[in-house]
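K.L.:
Let me give you the structure first, and then I'll get to my questions.
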Amino acid sequence: MSMEKSSTMIGPRGIIKRHEFVRVLLQCLYSLGYKKSASCLESESGILYKSVDFKELELQVFNGNWDGCVHTLNAIMDLKEDIRASVLFLVFKQCLLEYLNSGDDCLALNVLRKQVPSFRMSKEKVHKLASSILCLEEMELGKIDKDAISELRKILLVELEKLLPPPITVPARRLEHLVETAVTSQIDSCLYHNSSGSVSLYVDHCCDRDLIPTETVQILTEHKNEVWFVQFSNNGEYLASSSRDCTAITWKVGEDSVLTLKHTLRSHQNPVSFVAWSPDDTKLLTCGNLEVLKLWDVETGICKHTFGEHGFIVSSCAWFPDSKRLVCGSSDPEKGIFMWDCDGNEIKAWRGTRMPKVLDLAVTPDGKILISVLSDKEIRVLNLGTNAERVISEEHPITSLAVSVDSKFFIVNLNSQEIHLWDIAGKLETPLKYTGHKQNKYVIRSCFGGLDSSFIASGSENSQVYIWNKRNAKPIEVLTGHSMTVNCVSWNPKRPQMLASASDDQSIRIWGPSQSNKSQLEKFI
């Protein structure tokens, strides 16, 4: 029985080599423990899982025929010299160990002095081989029994199988890799993929729109004026909203996905422009428009501290991952950015001529990067560990900023009716752009959301909510229901099918999957 070398092609497109396909199947059967089935397939197909070269090498290693191993490896054609040197290194290392263990010091020295140099092995590898002898002496040589030697030979074969390229060997778990690649490609091309459930191999993967929020499932009307901001807590169990009516409200997300009012926070003298949850969701910051910043206890609804009472007008704020430190930006160019603890003690400040007014800021969830929107069109990305700074200039005024939960991307809304996505590492020379919504006069806020933050949602001045798949510039859904400008949206981080929107029509809408497919909603919540 020998390896099939014909170029028979299979598959609808005729692009798969039959003998390669069978070898991959054989590897999978052996790895799953179906040895009898694999052996039967080898016999019936005339194709071996292991190539002739590797079969011979395997036999030589098990028999300790090191000269034969060297000869076999050197006889393999088209093998890159660096790979040949690496596998020979492993063979010589095992050879030296066994010679020294059996007391054949002369044979070991002969290998090191004569055989190794003849195979053009780099000086580095020769030195490593020589150093390995010293390490081997510490292994109590002479006391390694036959069973241990046999195990070491098996380990050597595993390492050789990893190093030697196809077609000599088949890469580990090749069939699983090919199937996962195909499934991942289908998921990536699915515009509505928003479920963490397993994907069936029986059919091509394609989600329908019922897995993303497309219909209003609840309307919250407790605010008495325009609602400017909404944000779900990090654990997805609460929603906070702020309004022109000078209040903020916290809402509890029930197990049935129905929201109920928890606390109405009254203390601001001006409209409340935004809120920010601490990472541990025990504290909430509220910012009055051109006013102070207040810290609230989420459970009791009690105001614990007021920041900025001495002329510091807060324009934006963000938390650090420890829930003990926060940063605040000011629209006053002389104030800049402050880092405070929860008692209002200043920890650090960024101010000066290079620090114009701060419109918005964010700290990445990993706490490593501070991103700030300065003046109207400038984005500063500051590494807090190294102080390395990168500045991005936009052509149009920026109104808001949002960061992805994986700390890799951020989006900005521009009044040119575009949303731009940038990577925090700075690999993108130009941003990914999303269009379709309406924005030219007001502050409109967008967010990442859905499974693996695969989607972007945004409010709009035409009273609609827009949803994009991150890979597409045009929206995949436009949600109608509000009657005035939608100022802000927030996607529940733990319930990928729940979205909230805040509008000048004084309401908050909670969006969920189509009620015509309610079973899908219950399945994935």
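The values are calculated or read from the model by the stated rules, or taken from the named source; none is laboratory data. This structure is a prediction, so every number in the text was calculated from the model and none was measured. Counting neighbours? That spans all protein chains shown, and the Cβs are built from the backbone with ideal geometry, glycine included. Ligands, DNA and RNA are excluded from the accessible area calculation, which covers all protein heavy atoms including side chains. Shrake-Rupley method; radii C 1.70, N 1.55, O 1.52, S 1.80 Å.
K.L.:
Since GLU237 meets every condition but one in (1) touching a residue at least 60 places away in the same chain (Cβ under 8 Å); (2) touching a Phe, Trp or Tyr at 6+ places or on another chain (Cβ under 8 Å), which condition does it not meet?
P.N.:
All conditions pass for GLU237, except number (2).
K.L.:
Evaluate the following for PRO333: is it surrounded by 14 or more Cβ atoms within 10 Å (Cβ to Cβ), at pLDDT 95 or above and on the phi < 0 side of the Ramachandran plot?
P.N.:
Criteria not met by PRO333.
K.L.:
If you don't mind, there's one more thing I want to ask. Here's a check for you: in the stretch 336-356, which residue that is open to solvent by 60 Å² or more (accessible area, probe 1.4 Å), modelled with pLDDT of 85 or more and not basic (Lys, Arg) is nearest to LEU370 (Cα to Cα)? Give the steps one after another, and end with the answer.
P.N.:
From the stretch 336-356, those open to solvent by 60 Å² or more (accessible area, probe 1.4 Å) are 343, 345-348, 351, 353-354; that's our starting set.
Within this subset, residues satisfying the condition of being modelled with pLDDT of 85 or more are 343, 345-348.
Retained after the next criterion (residues that are not basic (Lys, Arg)): 343, 345-347.
Details: ASP343: 21, ASN345: 19, GLU346: 17, ILE347: 15 Å.
Among those residues, the one meeting the criterion is ILE347.
K.L.:
Find the residue count for the stretch 205-248, including only residues that are part of a strand (DSSP E or B), in contact with an Asp or Glu (Cβ under 9 Å, 6 or more places away or on another chain), open to solvent by less than 10 Å² (accessible area, probe 1.4 Å) and under 24 Å from PRO496 (Cβ atoms).
P.N.:
The qualifying residues number 2.
K.L.:
Do we have any residue at all in the stretch 427-449 that's touching a residue at least 40 places away in the same chain (Cβ under 8 Å), under 20 Å from the mean Cα position of the chain (by Cα), exposed (fewer than 15 other Cβ atoms within 10 Å of the Cβ) and farther than 25 Å from SER273 by Cβ?
P.N.:
no
K.L.:
Quick one: is GLY481 surrounded by fewer than 20 Cβ atoms within 10 Å (Cβ to Cβ) and on the phi > 0 side of the Ramachandran plot?
P.N.:
It is true that GLY481 is surrounded by fewer than 20 Cβ atoms within 10 Å (Cβ to Cβ) and on the phi > 0 side of the Ramachandran plot.
K.L.:
Would you point out which residue out of GLU124, GLU140 is at pLDDT below 85, assigned to a loop (DSSP other than H, G, I, E, B) and open to solvent by 50 Å² or more (accessible area, probe 1.4 Å)? Before the answer, list the steps.
P.N.:
Working: GLU124 fails: assigned to a loop (DSSP other than H, G, I, E, B).
Of the residues listed, the single one that is at pLDDT below 85, assigned to a loop (DSSP other than H, G, I, E, B) and open to solvent by 50 Å² or more (accessible area, probe 1.4 Å) is GLU140.
K.L.:
Quick check: anything in the stretch 254-276 open to solvent by less than 30 Å² (accessible area, probe 1.4 Å) and of a type in the set (Asp, Glu)?
P.N.:
No, the stretch 254-276 contains no residue that is open to solvent by less than 30 Å² (accessible area, probe 1.4 Å) and of a type in the set (Asp, Glu).
K.L.:
Please work out which residue is farthest from VAL179 (Cα to Cα), limiting yourself to the stretch 192-204 and to residues that are open to solvent by less than 100 Å² (accessible area, probe 1.4 Å) and out of contact with any Pro (no Cβ under 9 Å at 6 or more places or on another chain).
P.N.:
So the residue we want is TYR192.
K.L.:
Could you list, in sequence order, the residues of the stretch 32-48 that are open to solvent by less than 30 Å² (accessible area, probe 1.4 Å) and in contact (Cβ under 8 Å) with a residue 24 or more places away in the chain?
P.N.:
Within the stretch 32-48, the first condition is being open to solvent by less than 30 Å² (accessible area, probe 1.4 Å), and the residues that meet it are 38, 42, 45-48.
Passing the criteria: GLU42, SER45, GLY46, ILE47, LEU48.
K.L.:
Look at the stretch 452-483 and say how many of its residues are in a loop (DSSP other than H, G, I, E, B), farther than 17 Å from HIS420 by Cβ and in contact (Cβ under 8 Å) with a residue 24 or more places away in the chain. If you could, list the steps in order and put the result at the bottom.
P.N.:
Narrowing the stretch 452-483 to residues in a loop (DSSP other than H, G, I, E, B): 454, 459-464, 470-476, 480-483.
Those left that are additionally farther than 17 Å from HIS420 by Cβ: 454, 461-464, 476, 480-483.
From what is left, the residues that are in contact (Cβ under 8 Å) with a residue 24 or more places away in the chain are 454, 461-464, 476, 481-482.
Summing the residues that are in a loop (DSSP other than H, G, I, E, B), farther than 17 Å from HIS420 by Cβ and in contact (Cβ under 8 Å) with a residue 24 or more places away in the chain in the stretch 452-483 gives 8.
K.L.:
Continuing with the same structure: Got a sec? Which strands (runs of 3 or more DSSP E) wholly within the stretch 324-389 have at least 3 residues that are closer than 24 Å to THR282 by Cβ?
P.N.:
325-330, 337-341, 346-350, 358-363
K.L.:
If GLY459 meets every condition in (1) surrounded by fewer than 24 Cβ atoms within 10 Å (Cβ to Cβ); (2) within 26 Å of LYS252 (Cβ to Cβ) apart from one, which number is that one?
P.N.:
(1)
K.L.:
Now a separate question. Only residues that are in contact with a Ser or Thr (Cβ under 9 Å, 6 or more places away or on another chain) and open to solvent by less than 20 Å² (accessible area, probe 1.4 Å): list them for the stretch 74-91, please.
P.N.:
Scanning the stretch 74-91 gives a single hit, ALA85.
K.L.:
Restricting to the stretch 373-411, count the residues that are within 20 Å of the chain's Cα centre (by Cα) and within 20 Å of GLY336 (Cβ to Cβ).
P.N.:
Selection size over the stretch 373-411: 3.
K.L.:
Restricting attention to the stretch 410-451, which residues are in a strand (DSSP E or B) and hydroxyl-bearing (Ser, Thr, Tyr)? Step through it out loud before you land on a result.
P.N.:
Initial filter on the stretch 410-451 (in a strand (DSSP E or B)): 410-414, 418-423, 432-435, 446-449.
Within the stretch 410-451, TYR434, THR435, SER446 meet the criteria.
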